[in-house]
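This report concerns only the one structure given below.
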Amino acid sequence: MKKISLTGIKPTGILHIGNYFGALKPALGLARDYEARYFIADYHALNTMKDPAELRDTIRQVAAGWLASGLDPERVVFYRQSSVPETFELSTMLMAFTAKGLMNRAHAYKAAVEENREKGNDTDAGVNMGLFTYPVLMAADILLFDSDVVPVGKDQVQHIEMAQDIAQAVNANYRSEVLKIPQAAVEEQVAVVPGLDGRKMSKSYGNVIPLFAPEKELRALIMRIVTNSQGVEESKDPETSRIYQLYRLFASAEETAALARRYREGGMGWGEAKEALFSVANRELAPLREKFNGLMADPARLDGILGAGAEKARVIARATVSRMRKAAGID
Ligand code: ADP
Ligand code: TRP
């Protein structure tokens, strides 16, 4: 039997090509070896996103983005966190097993307190209970679906450890394996995709190439990549070139080797290199863009897919909650 992997996706902004290579593609690859489950963590996003129109739109864009990138809802379980109310039943029960001190030590909460201290504010200024109890909701997401493996970046490892602690407290109390203990799978070798200005591509730096940018915008953004002042004839170092670093993500090994040769030989200007990048990027992204636009234009279809996913998810979730309620004496 395959092990179960769970991926939580926080819908906090439009997807860019850093997300695509750093998160979407590696996560979609899990479906080969695992029984893969993916969900949109919309209640987690609510902690920071208070504009309903914006949140609604981001949820849809992120859902359509995963589907357009190749997530097959027939083969995996794909759902919105908010469509699985069992999350809250389990979350409430887990609260009873979570030490407040554990939450005090959570990185995100500690960082907020630290920042307040530095600014001379009340230590809890701007901290909502959603932020404070974030690790419990995340533990519920994970434990509800019997996850064996949760692939995450380094910043999320502490949350997985807290989910383990909470699950162990439950199991120890009831002297049985009520909840499965999950393991973090830290993605060490995932490439950091550079943005237009050379820093890490990130929404917060405003240097992103949106994954589903229309063709004209995609070309215009690529033309804006900052380069040095080397002339056309000069030999260029591929390894230090952002255009090359991006090219290699989209191109085959042969294409990449050929571009490196042309860089070194001289005679290739930055303009031509950017055209080459646009061409391979658009080759990969054009079909995704078309699928994305199709889903965004057909809300009923998107809702249908998410609705069917929620039904599959709830079958699993109900079993876990009923196990937990029975163990607890609330059955
Ligand atoms: P942003 O930095 O734009 O706010 P997020 O923090 O929402 O992006 O990231 C969502 C996912 O995409 C995470 O798994 C993160 O590791 C990945 N990711 C974001 N930017 C990059 C990048 N430039 N290169 C590789 N992975 C990235
Ligand atoms: N906290 C994760 C993030 O910020 C998102 C998330 C919520 C998640 N619940 C999860 C990830 C459960 C994995 C499993 O990216």
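Per-residue answers, yes or no, for (1) of a type in the set (S, T, N, Q); (2) over 22 Å from the mean Cα position of the chain (by Cα):
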site: Gly22; (1), (2): no, no
site: Pro26; (1), (2): no, no
site: Asp51; (1), (2): no, no
site: Gln61; (1), (2): yes, no
site: Ala64; (1), (2): no, no
site: Ala68; (1), (2): no, no
site: Lys100; (1), (2): no, yes
site: Arg105; (1), (2): no, yes
Could you list, in sequence order, the residues of segment 9-23 that are near ligand 2 (Cβ under 10 Å from one of its atoms) and surrounded by fewer than 22 Cβ atoms within 10 Å (Cβ to Cβ)?
Lys10, Thr12, Ala23
Apart from one, (1) of a type in the set (A, V, I, L, M); (2) touching a Pro at 6+ places or on another chain (Cβ under 6 Å); (3) under 20 Å from Asn19 (Cβ atoms) all hold for Ala251; the odd one out is (2)
Going residue by residue through segment 41-56, is there one that turns out to be outside any helix (DSSP H, G or I), within 15 Å of ligand 2 (Cβ to nearest atom) and either in contact with a Lys or Arg (Cβ under 9 Å, 6 or more places away or on another chain) or β-branched (Val, Ile, Thr) (or both)?
yes
Filter the helices (runs of 4 or more DSSP H) completely within segment 124-228 down to those with at least 2 residues that are touching a His at 6+ places or on another chain (Cβ under 7 Å) and closer than 25 Å to Leu28 by Cβ.
134-144
Those residues of segment 24-40 which are assigned to a loop (DSSP other than H, G, I, E, B) and either touching a residue at least 60 places away in the same chain (Cβ under 8 Å) or surrounded by 17 or more Cβ atoms within 10 Å (Cβ to Cβ) (or both), in sequence order
Tyr34
Does any residue of segment 182-196 turn out to be in contact (Cβ under 8 Å) with a residue 40 or more places away in the chain, surrounded by 13 or more Cβ atoms within 10 Å (Cβ to Cβ), within 14 Å of ligand 2 (Cβ to nearest atom) and more than 30 Å from Glu284 (Cα to Cα)?
yes
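Here, each number is a calculation from the coordinates, and none is a lab measurement. Everything numeric in this text was worked out from a predicted model, so none of it was measured. Here Cβ is always computed from backbone atoms with ideal geometry, including for glycine, and neighbour counts include all displayed protein chains.
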